[in-house]
Amino acid sequence: MIASHSLKRWYLIHKWSSLICTGFLLLICLTGLPLVFRDEIDQWLQPHHYVTLPADTPQVSLDRLATASHRLYPGEVIASMFADDDEPQIYVWMAPSFAQMRAQPETMHFVRFDARTGEVLETTKSAAEQPKTFIDIMLALHTDLFVDLPGELFLGSMALLFVLAIVSGVVLYGPFMKKLAFGTVRADRSSRLKWLDLHNLLGITVMAWTLVVGATGVMNELSTPLFALWQQTDVKSLLASYQGTSAPPQIALPSLQTALETASHAVPGMTVTSAVYPGNPFGSPYHYLFWAKGSSTLTSRLLTPVLVDARSGRLSAVVKMPWYLRALEVSRPLHFGDYGGLPLKILWALLDVITIVILISGLYLWIARRKTQSARLARIIAVHHGDDQQPAASLV
Amino acid sequence: MNPTRSAARGLRHTWTIPLLLAVITMLGLLSALLGEQLGWKVVAWVALMVPVATSIWYARWKRT
């Protein structure tokens, strides 16, 4: 059983951790709602159409896509290519130069190709010149408040407070429910009591889900520093032996398609989904970097980097990911709810709505409590000034 | 009855259903992640329906 002074401490922890994060958590929950259905919304706003070809039509050579992209945007560099496994399409991301890409990531743009015919399906202006889409805005409000890393760390700390609020709320649940059966909602008395019961009921019922989504949310907001840590440690020592060498200019690079085949052979059973060009700030200065993924629900979220030498075209390394990036990768599906079809997404959205009710009821309880307290204070002051009719005894 | 026994009974009284809900939720979250066949996805859907349905049932229909 919890001693009353420690109960009071938990109450204060619950009060302050939730008060600080509630506003931001409401924003996160509201913007998270459309983000759960991001793929469906994208598909609905901008439907992609493809020519019908036999299912075994081979994929076009990446070299052909590279040549076509350079022809479309002469003087620019290809940053990376990304093959979508849901749709027969390949995105070629380009930038004016790698220096510019590093300084202003929003100068990047893409060309979208049909993965079988090599036909250009779509070209875009850079993100800087394009109006933000609805999903872009939702994502920014959900993850970084339009200010990149500081925003990520800020919302990450709000998510951490949310986790603390859940834990302290669970601790308080026991003493609150000591004499009550599970699910008791005392609706016939004050509205504050009814909402207190609802807050407790909903909070404890979806506790496991809110804890998982809250904790994985914290994890996701740490992705930038975690990747930076990896680059500063493992990646740095991996690339140390190449120091002083340099990759040839893009037009003189060895065949990307051959490099892709080399990389694929190095990771049997896995599928290479993207190729990062040498010189890309998110890759190696001396290699093509390929990201390969497994085929199951879980392993398709676990990416393995494969490095192919950008001068010789030979395999350099299959890189082992550190545990903290593996943890990050596992935390993604558990945050997004995108690993069990549309029914799981709908359940995710419903649980999100329940969380919103918990947040609002918590806020209401705090306001209602303050009101009772200030009304009581006002009455005490009134009595003190002798202009209240009520007997003072009733105030205690 | 001795006091530890009644304390344990109190704990059980308060925590049985919340713990059960937490275990079912976790089973649901993991079965869709680790299971490949459709059956595992269905297990996840049913399991996650449990906290949602519990919330709605007690909040909306069951009034004491």
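The values are calculated or read from the model by the stated rules, or taken from the named source; none is laboratory data. The shown structure was predicted, so the numbers you read here are calculated from the model rather than taken from an experiment. Here the Cβ positions follow ideal geometry from the backbone for every residue, glycine too, while neighbour counts run over all protein chains shown. The protein model used for the area step is the full one, side chains on, heavy atoms only, and it has no ligands, DNA or RNA in it. Shrake-Rupley method; radii C 1.70, N 1.55, O 1.52, S 1.80 Å.
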Note to self: Just to be sure I understand the filter: pairs with C-beta atoms under 6 Å, separated by 6 or more residues or on different chains, first member in region B:20-32 and without any contact (Cβ under 8 Å) to a residue 24 or more places away in the chain, second member buried (at least 17 other Cβ atoms within 10 Å of the Cβ) and outside any helix (DSSP H, G or I). Which pairs pass?
What the structure shows: B:32/A:339; B:32/A:340
Checklist line | Of the criteria (1) open to solvent by 20 Å² or more (accessible area, probe 1.4 Å); (2) away from chain B (no Cβ under 14 Å); (3) part of a helix (DSSP H, G or I); (4) not small (Gly, Ala, Ser), which one residue A:158 fails | finding: (1)
Next item on the list: May I ask you to list the residues in region A:165-222 that are closer than 20 Å to residue B:28 by Cβ, at the interface with chain B (Cβ under 9 Å from one of its Cβ atoms) and part of a helix (DSSP H, G or I)?
Entry: A:170, A:201, A:202, A:204, A:205, A:207, A:208, A:209, A:211, A:212
Note to self: Considering only region A:243-252, I want to know if a residue exists there that is more than 14 Å from every other protein chain (Cβ to nearest Cβ), surrounded by 15 or more Cβ atoms within 10 Å (Cβ to Cβ), part of a strand (DSSP E or B) and of a type in the set (A, V, I, L, M, F, W, C).
What the structure shows: no
Notebook entry, point to check: When you go through A:170, A:276, A:267 one by one, which is the residue that is hydrophobic (A, V, I, L, M, F, W, C), in contact (Cβ under 8 Å) with a residue 60 or more places away in the chain and closer than 30 Å to residue A:329 by Cβ?
Noted result: A:276
Next item on the list: Taking the residues in region A:299-345 that are within 11 Å of another protein chain (Cβ to nearest Cβ) and closer than 22 Å to residue A:261 by Cβ as candidates, determine which candidate is most open to solvent (accessible area, probe 1.4 Å).
Entry: A:299
Check: Looking at A:62, A:35, which one is assigned by TED's automatic domain parsing to the domain that holds residue A:284, in contact with a helix residue (DSSP H, G or I) (Cβ under 7 Å, 6 or more places away or on another chain) and closer than 30 Å to residue A:296 by Cβ?
Finding: A:62
Notebook entry, point to check: Within region A:238-247, is there a residue that is farther than 21 Å from residue A:95 by Cβ, aromatic (Phe, Trp, Tyr) and assigned by TED's automatic domain parsing to the domain that holds residue A:32?
Noted result: no
Notebook entry, point to check: Of the conditions (1) within 14 Å of another protein chain (Cβ to nearest Cβ); (2) in a loop (DSSP other than H, G, I, E, B); (3) crowded, with 17+ Cβ neighbours inside 10 Å, residue A:296 fails just one. Which one is it?
Noted result: (3)
Notebook entry, point to check: Since residue A:49 meets every condition but one in (1) outside any loop (DSSP other than H, G, I, E, B); (2) open to solvent by 20 Å² or more (accessible area, probe 1.4 Å); (3) not β-branched (Val, Ile, Thr), which condition does it not meet?
Noted result: (1)
Margin query: Can you report the number of residues in region B:11-64 which are touching a Leu at 6+ places or on another chain (Cβ under 9 Å), more than 7 Å from chain A (Cβ to nearest Cβ) and among the β-branched types (Val, Ile, Thr)?
Written below: 4
